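The values are calculated or read from the model by the stated rules, or taken from the named source; none is laboratory data. Fair warning: this is a prediction, and the values are worked out from it, not measured in the lab. No Cβ is skipped: glycine too gets one built from the backbone with ideal geometry, and neighbour counts run over all protein chains shown. What goes into the accessible areas is simple: the full protein's heavy atoms, side chains included, and nothing from ligands, DNA or RNA. Shrake-Rupley method; radii C 1.70, N 1.55, O 1.52, S 1.80 Å.
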Amino acid sequence: MSARPAGPCPAAGILRTLVSAAQVDGTVGVFLEPIARYHTTELHAPGDGMWSEIDSGAAIPIGMPRVYGDGPDLTIVSWANGLHMSLRVARRLEESHGIRSRVVDLRWLVPLPHDEVFDHAVATGRVLIADETRHSGGIGEGLVTGLVERGFDGVIDRVASKDSFVPLGDAANLVLLSEDEIESAALGLMRGHRVNRPRVRLGPDGAWPHGVGRQRPLR
């Protein structure tokens with residue numbers, strides 16, 4: 001099992017589950033700490049306290065996501081720090097564009113909650129996966145596969161961080177997924193086209209750019 005909570009409150013509930021599973025079944029669990037949001041209390045505005053919750057003392061069932069909202073227009077799927085960004089984007093989409101969305105927080109990465117994600121994808125017909133891991137080999141690829149295998153016939157798009165190591169300091173913002181990228185992709189999805197697709201363009205002489213293999217170009 002592997003879990004990636006978005007903040008300290010779900011972290012406590014997931015830890016209870018992992019410890020219980022280890023004691024009862026000897027299950028090995030991987031807990032990825034949400035260090036980026038441990039001390040965050042605000043979500044939309046300074047002092048709103050909307051990111052902090054009181055721990056209920058309960059465990060969080062294995063593979064069970066949490067869903068924020070019930071908007072009929074768009075489903076945004078994310079986790080960890082991506083949840084914080086996605087909730088902020090969802091608020092702006094409704095206030096500025098009248099787009100009502102729902103945000104699915106995975107919480108568990110192994111096993112992925114494929115059935116629950118599929119149900120909420122069907123409810124809106126449009127899915128945006130906001131993946132803070134790398135574009136290649138990230139969690140988002142597994143989510144897309146799960147939707148396709150279950151016969152989802154709606155529209156899917158995915159935004160992710162760059163295929164790069166994460167540098168220190170402000171340079172990290174050059175490769176990590178941003179709120180602006182999530183919002184741009186969401187608006188593109190609602191307008192009927194997908195954005196942020198990596199494109200390869202031929203050089204002036206028609207040759208492939210240096211370092212690009214025999215990949216079919218996207219013009």
Query - Residues of the stretch 142-165 that turn out to be farther than 14 Å from residue 112 by Cβ and either small (Gly, Ala, Ser) or in contact (Cβ under 8 Å) with a residue 40 or more places away in the chain (or both), as a count - result: 5
Query - Flag if residue 75 is open to solvent by less than 50 Å² (accessible area, probe 1.4 Å) and touching a strand residue (DSSP E or B) at 6+ places or on another chain (Cβ under 7 Å) - result: yes
Report task. Only residues that are part of a loop (DSSP other than H, G, I, E, B), farther than 17 Å from residue 186 by Cβ and open to solvent by less than 50 Å² (accessible area, probe 1.4 Å): list them for the stretch 80-111, please. Result -> 80, 106, 107
**Report entry** Any hit, the stretch 30-39, residues being closer than 17 Å to residue 78 by Cα, among the basic types (Lys, Arg), surrounded by 14 or more Cβ atoms within 10 Å (Cβ to Cβ) and modelled with pLDDT of 90 or more
**Finding:** no
Query raised in the report: Failed condition for residue 161, given (1) at pLDDT below 95; (2) open to solvent by 60 Å² or more (accessible area, probe 1.4 Å), with all others met?
Result: (2)
Report summary line: Restricting attention to the stretch 166-186, the residues that are in contact (Cβ under 8 Å) with a residue 40 or more places away in the chain and out of contact with any helix residue (DSSP H, G or I) (no Cβ under 8 Å at 6 or more places or on another chain) number exactly 2
Report task. Within the stretch 1-12, count every residue that is in a helix (DSSP H, G or I) and within 20 Å of the chain's Cα centre (by Cα). Result -> 4
Query - Condition broken by residue 138, with the remaining ones in (1) out of contact with any helix residue (DSSP H, G or I) (no Cβ under 9 Å at 6 or more places or on another chain); (2) at pLDDT below 85 satisfied - result: (2)
Requested in this report: Within the stretch 112-151, count every residue that is crowded, with 16+ Cβ neighbours inside 10 Å, in a loop (DSSP other than H, G, I, E, B) and not aliphatic (A, V, I, L, M).
Outcome: 3
